[in-house]
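Enquirer: Input: one structure, supplied below.
The values are calculated or read from the model by the stated rules, or taken from the named source; none is laboratory data. Predicted model, so just to flag it, every value in this text is computed and none were measured. Virtual Cβ from ideal backbone geometry, glycine too; neighbours counted across all protein chains shown. Surface areas here come from the heavy atoms of the whole protein model, side chains and all, with no ligands, DNA or RNA. Shrake-Rupley method; radii C 1.70, N 1.55, O 1.52, S 1.80 Å.
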Amino acid sequence: MKIYNTLSKTKEEFVPIEPGKVRMYVCGPTVYNFIHIGNARPMIVFDTVRRYFEYKGYEVNYVSNFTDVDDKIIKKANEEGVDSAVISERYIEECKKDMAGMNVRMGTTNPKATEEIPGMLDMIQTLMDKGYAYNTADGTVYYRTRKFKGYGKLSHKNLDDLQSGFREIKVTGADQKEDELDFVLWKPKKEGEPYWDSPWCCGRPGWHIECSVMSKRYLGEEIDIHAGGEDLIFPHHENEIAQSEAASGKPFAHYWMHNAFLNIDNRKMSKSLGNFFTVREISEKYDLQVLRFFMLSAHYRSPLNFSAELMEASKNGLTRILTAVDNLRTLEKDAEVRDLNEEEEKLVKEGAAYVAKFEEAMDDDFNTADAISALFELVKFANTTADASRAKEYLGYLLTEIEKLCDVLGIITEKKEEILDADIEALIEERQAARKAKNFARADEIRDELLAKGIVLKDTREGVKWERA
Ligand code: AMP
Ligand code: ZN
């Protein structure tokens, strides 16, 4: 398998640290609002990377965080007059619903920054002890960027170019920094902000330290893959490398993967430009499977422009696949149980060539665009060679192969079952009981199960209400 590594700017053969295992970390969203479909791109892309590794037999330890302490969360909390945890918890829940709709699996662990403060204090202390960090009179702790010899290796920037860029940036208190390139590890609290005690001052962490710490805690000091959107290469990932490698003395991540932007009118979709659609808005018009299929229709390192036409094309493409699966299921049910005849044996070999083509595309830096073309070819082949005269085993073969490839892409081929009101009520009751018993895992599972069936739950003052999405 080849992976394009941002660090070397080349495609490299994937060699795991531990045979058969993948340790991967994906920077997750900052939870201050509904996620937009730009944020959904890394979720879908790296969930697919995980699924393909699993298809190839790897065991994947997949960690993705929720950034739940941040200026934007605090601002929103102050606007609403609530604690910032109220905001972050609300949008973590909403994000999980969107993920379930897009069939993005939860990570092995999904840590939250606010629950990892002790680890952050430890790593900052280690950096201080090793001379990579210092504190100023007001209690701010900075990373001594120039001391880390590898700084710039990921973003392929040179320190002196960076220095001139930084001259323009004036941050309060920044005049106390030893060097303009130094970045914040810990900062003093301000009025109306959440804070934690620390040896330097009551305050909160800078953004970058959380990922270094969570990655270390759940995956170890040295990991296989670290991933995120390309806007994270600099400064976020560059700073993560500086922190982690200075603290551990080991290489942090062996492969750095970055998805290109989801654009709209050829500009990056972002909250700050205001040119975004939330996943929730899209779910009102489309099954989120369509959004997932659309995202995978391009290679993850190519920019992708969002448009109604492309969404319609994805919807049609997806329908073509699902209809073929449906037909195969119907045919297979009543097919004759017998050994394959000679012609069918030959056809199985032909079918296998499309599967190989799919794998070849995925082995080449997860080229989902070409993999989907191979899947379409397999579907076309199935449509032309399957009929009522075929052996059950042949139809079953086609069905299994198509289903397996769809599963790699995270496309659900099962028809959404019609669910009766009484069953919904029973599940809601079970969820309430689970919550009472503090079995939140089961409660979440039920909510996701219902969401997958198109039922959205709303916790209101009068109890739980539900509606069909
Ligand atoms: P944020 O919540 O801004 O920290 O972003 C969460 C993730 O979404 C990061 O990996 C970003 O790089 C990614 N991201 C944000 N906007 C876009 C976009 N328009 N296209 C692709 N990825 C994006
Ligand atoms: Zn991160």
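Enquirer: Take the range 392-432 and flag every residue that is over 28 Å from D47 (Cβ atoms) and surrounded by 13 or more Cβ atoms within 10 Å (Cβ to Cβ).
Expert: Those that are over 28 Å from D47 (Cβ atoms) and surrounded by 13 or more Cβ atoms within 10 Å (Cβ to Cβ): K392, E393, Y394, L395, D423, Q432.
Conditions (1) in contact with a Gly (Cβ under 6 Å, 6 or more places away or on another chain); (2) of a type in the set (A, V, I, L, M); (3) closer than 26 Å to K153 by Cα, marked per residue:
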| position | (1), (2), (3) |
| --- | --- |
| N5 | no, no, yes |
| K9 | no, no, yes |
| F46 | no, no, yes |
| K56 | no, no, no |
| N65 | yes, no, yes |
| E94 | no, no, no |
| M99 | no, yes, no |
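Enquirer: Another one. Mind counting the residues in the range 440-469 that are open to solvent by 80 Å² or more (accessible area, probe 1.4 Å), outside any strand (DSSP E or B) and either of a type in the set (A, V, I, L, M) or within 23 Å of Q289 (Cβ to Cβ) (or both)?
Expert: 2
Enquirer: OK, next. Counting just the residues of the range 394-439 that are among the hydrophobic types (A, V, I, L, M, F, W, C) and not in a helix (DSSP H, G or I), which one comes out farthest from G463 (Cα to Cα)? Give the steps one after another, and end with the answer.
Expert: Step one: list which residues in the range 394-439 are among the hydrophobic types (A, V, I, L, M, F, W, C), which gives 395, 398-399, 402, 405-406, 408-409, 411-412, 419-420, 422, 424, 426-428, 433-434, 437.
Still in the list and also not in a helix (DSSP H, G or I): 411-412, 419-420, 437.
Numbers: I411: 33, I412: 31, I419: 21, L420: 20, A437: 17 Å.
Of everything passing the filter in the range 394-439, I411 is farthest from G463 (Cα to Cα).
Enquirer: Hey, another quick one. With the condition kept exactly as written, say whether any residue in the range 244-265 is of a type in the set (G, A, S), open to solvent by 10 Å² or more (accessible area, probe 1.4 Å) and within 15 Å of ligand 1 (Cβ to nearest atom).
Expert: There is no residue in the range 244-265 that is of a type in the set (G, A, S), open to solvent by 10 Å² or more (accessible area, probe 1.4 Å) and within 15 Å of ligand 1 (Cβ to nearest atom).
Enquirer: Within the range 223-235, can one find any residue that is open to solvent by less than 10 Å² (accessible area, probe 1.4 Å), under 30 Å from H36 (Cβ atoms) and part of a helix (DSSP H, G or I)?
Expert: Scanning the range 223-235, I find no residue that is open to solvent by less than 10 Å² (accessible area, probe 1.4 Å), under 30 Å from H36 (Cβ atoms) and part of a helix (DSSP H, G or I), so the answer is no.
Enquirer: I've got another one for you. Residues that are within 15 Å of ligand 2 (Cβ to nearest atom): list the strands (runs of 3 or more DSSP E) wholly contained in the range 1-52 that include at least 3 such residues.
Expert: 21-26
Enquirer: Mind checking whether some residue in the range 58-72 is surrounded by fewer than 23 Cβ atoms within 10 Å (Cβ to Cβ), in contact (Cβ under 8 Å) with a residue 24 or more places away in the chain, assigned to a loop (DSSP other than H, G, I, E, B) and away from ligand 2 (no atom under 16 Å from the Cβ)?
Expert: yes
Enquirer: Going through the range 277-293 one residue at a time, which ones are of a type in the set (F, W, Y), open to solvent by less than 60 Å² (accessible area, probe 1.4 Å) and out of contact with any Leu (no Cβ under 6 Å at 6 or more places or on another chain)?
Expert: Scanning the range 277-293 gives a single hit, Y286.
Enquirer: Tell me, please, whether a residue that is assigned by TED's automatic domain parsing to the domain that holds L318, modelled with pLDDT of 95 or more and not in a helix (DSSP H, G or I) can be found in the range 366-373.
Expert: Within the range 366-373, one or more residues are assigned by TED's automatic domain parsing to the domain that holds L318, modelled with pLDDT of 95 or more and not in a helix (DSSP H, G or I).
Enquirer: List the residue pairs whose Cβ atoms are under 7 Å apart, where the first residue sits in the range 283-298 and is among the β-branched types (V, I, T), the second is open to solvent by 40 Å² or more (accessible area, probe 1.4 Å), and the two are 6 or more positions apart or on different chains.
Expert: Listed pairs, sorted by first residue: V290/K315.
Enquirer: Something else: If you check E180, E230, E221, which single one turns out to be modelled with pLDDT under 95 and among the acidic types (D, E)?
Expert: E180
Enquirer: Name the residue, out of A313, A298, that is of a type outside the set (K, R) and assigned to a loop (DSSP other than H, G, I, E, B). Let's see the steps before the verdict.
Expert: Working: A313 fails: assigned to a loop (DSSP other than H, G, I, E, B).
The unique qualifying residue is A298.
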